[in-house]
Amino acid sequence: MAKYLVIGNWKMNGNLSRSEQLVEDILAQLPVLPTLEVAVCPPFTYLAPVAKRLRDTAVKLGAQNLCEHSAGAYTGEVAGPMLADFGTRFVLVGHSERRSLYGESSELVAAKVETALECVLTPVLCVGETLEEREAGKAEAVISSQLQPVLARIGSSAMKRVVIAYEPVWAIGTGKTASPQQAQDIHAFIRTSLQQADAWSDDHSRLLYGGSVKADNAAELFGQADIHGALVGGASLKAEDFVAICHAAG
Ligand code: PEP
């Protein structure tokens, strides 16, 4: 089985000195855990200084987004090869904030996943339903509709190289975590769907849970059979909280 993976998504928070301090504190407090991979996703402008500090450490670099094109006249965008230049290993794609605030469709998300793979970045494909969709009994249908365009675009073999983060929209930044059973049920659904499409590898595929993960709920979530790590927002901005979550997985 692949190592557990915990990724911190700093979103659009902090400044240069706070980013440098945060990475310093994480490195000081995080022991190397043999069964765990850890990454942080700073804002684009702090990738370079964070990358410099992470060099030769066990913590990997991630980005929060990328352009679906690899170069050209796309003002304000950041291309996959540019991220790769800094030693970026992971890139979040299709975060619910990108989908809801910036209108990213599942087709655009699929194009971004493809570009990330071409740039040898590991895409972390975020999927998840809103509260309204859950209450209407549509959670699985929504997740299928987010996975399907990606599968159709990149194919089942490449899908095995994609990390998938199940992030129920109603649990992101709200303090409401999905119960371990609710998360496990959706993770099992995703795994089964991918297995049926021959897009799952027991050795490489990983399903992360995201949505108000904290030090005090992480261990129970990681105890579920199909939860292989976490995508952490708010709690990744405090080194001790983030490191405690990593410990729960390690
Ligand atoms: C996220 O934005 O990916 C996330 C999971 O945020 P939070 O942990 O703050 O809910």
Positions within the range 91-121 being crowded, with 23+ Cβ neighbours inside 10 Å and of a type in the set (Val, Ile, Thr), in sequence order: VAL91, VAL93, VAL109, VAL113
Residue in the range 62-80 that is out of contact with any Lys or Arg (no Cβ under 9 Å at 6 or more places or on another chain), within 16 Å of the ligand (Cβ to nearest atom) and of a type in the set (D, E, K, R) present: no
Scan of the range 167-206 for residues that are away from the ligand (no atom under 15 Å from the Cβ), in contact (Cβ under 8 Å) with a residue 60 or more places away in the chain and either among the hydrophobic types (A, V, I, L, M, F, W, C) or in contact with a His (Cβ under 6 Å, 6 or more places away or on another chain) (or both), ordered by number: ILE190, ARG206
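Each reported figure results from applying straightforward, stated rules to the coordinates on display, with no laboratory input. Please read these numbers as outputs of a predicted model, since none were measured by experiment. In this analysis, Cβ positions are derived from the backbone assuming ideal geometry, glycine residues included, and neighbour counts consider all displayed protein chains.
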